[in-house]
Amino acid sequence: MQITAKLASKLKSCNSVCVLTGAGISAESGVPTFRGPEGLWSKFKPEELANVQAFLANPALVWEWYRYRKTLLKNVSPNPAHIALVKMEKHFKDFTLVTQNVDNLHARAGSHKVLCLHGNIDKNYCMTCAKDFNDANLAQTTVPKCDCGGLVRPGVVWFGESLPTQTFEEAESAARRSQLFLCIGTSAVVYPAASLPLIAKECGSYVVEINPEVTELSAIADESIFEKAGVALPQLVDIIPKN
Ligand code: OAD
């Protein structure tokens, strides 16, 4: 893989880095992405599963889908791309990792601070009283209920729902002040997450995309590295001077 002189120089000299990840960074761990021929949304419809109306209409179906994904995620591990980002967090003075993923693999790899825009699949909460439940204390009934009688739902952001305000504000601020913005493994079509590389670019950051495929961002990015994240990111880390 060819690393341009411009990117190498940014990796060696800049202080402020913001990274946005999507489903593609976990693909090499064995987690299916959403879009594309093998993606989850080619088999399951978002309008039937990933919105609150779908949940209220058929909570058993939505819970079956989330239990399938929770089980799948318990059996996978972080890959070299997640680990490379842990090394970057240790190196850069101002490093912000923002993810659209709910799979928790960044934290499991050892990243200390992760801004999870779309929630966390390990969490669940009551729709009536907002009590939190982790998977261990979740009733094993088809549709788990809270002590108050309310429906318990997965702690993820569904289509049509707002992102956690403070988390998104922190992500936006990191994108604005970044000198280098890495956009990794996302089709860059779901907003507001997809606005982050655009904001970074407007503010003068050097925007680099890492994705084996062309995306919505490719025409706007300063560089696209058409490579798998698990191949590209360890090579970028190798360029960074050892502390
Ligand atoms: P997508 O499934 O839309 O895009 C995954 C991207 O990863 C594609 O562009 C692939 O080309 C790329 N990809 C595949 N393998 C890769 C690899 N080994 N290395 C790097 N890139 C690879 O997933 P997201 O963009 O994350 O939202 O989707 C955004 C949101 O849409 C998700 O967070 C989810 C979904 O609906 C909610 O659930 C709210």
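The values are calculated or read from the model by the stated rules, or taken from the named source; none is laboratory data. Just so we're clear, the structure is a prediction, and the values are computed from it rather than from any experiment. When we count neighbours, we look across all protein chains shown, and the Cβ atoms used for this are built from the backbone with ideal geometry, even at glycine.
All conditions but one from (1) surrounded by 15 or more Cβ atoms within 10 Å (Cβ to Cβ); (2) out of contact with any Cys (no Cβ under 8 Å at 6 or more places or on another chain) apply to GLY150; the one that does not is (2).
Residue-level check: of (1) free of Cβ contacts under 8 Å to residues at least 24 places away in the same chain; (2) within 13 Å of the ligand (Cβ to nearest atom); (3) within 20 Å of PRO78 (Cβ to Cβ), SER218 misses just (3).
In segment 180-199, the residues that are within 7 Å of the ligand (Cβ to nearest atom) reach residues that are among the small types (Gly, Ala, Ser) with C-beta atoms within less than 6 angstrom, at least six apart or across chains, in these pairs: ILE184/ALA229; GLY185/GLY22; GLY185/GLY24; GLY185/ALA229; THR186/GLY22; ALA188/ALA194.
Evaluate the following for VAL231: is it closer than 20 Å to ALA8 by Cα, near the ligand (Cβ under 9 Å from one of its atoms), surrounded by fewer than 16 Cβ atoms within 10 Å (Cβ to Cβ) and not polar (S, T, N, Q)? Can you show your working first?
Values: closer than 20 Å to ALA8 by Cα: yes; near the ligand (Cβ under 9 Å from one of its atoms): yes; surrounded by fewer than 16 Cβ atoms within 10 Å (Cβ to Cβ): yes; not polar (S, T, N, Q): yes.
Yes.
Only one residue in ALA23, ALA5, ALA54 is among the small types (Gly, Ala, Ser), surrounded by 13 or more Cβ atoms within 10 Å (Cβ to Cβ) and at pLDDT 95 or above, so which one is that? First the steps, then the outcome.
Values: ALA5 fails: surrounded by 13 or more Cβ atoms within 10 Å (Cβ to Cβ); ALA54 fails: at pLDDT 95 or above.
When all the criteria are applied, what remains is ALA23.
For GLY160, the conditions (1) part of a loop (DSSP other than H, G, I, E, B); (2) away from the ligand (no atom under 13 Å from the Cβ); (3) within 27 Å of VAL31 (Cα to Cα) are fulfilled apart from (2).
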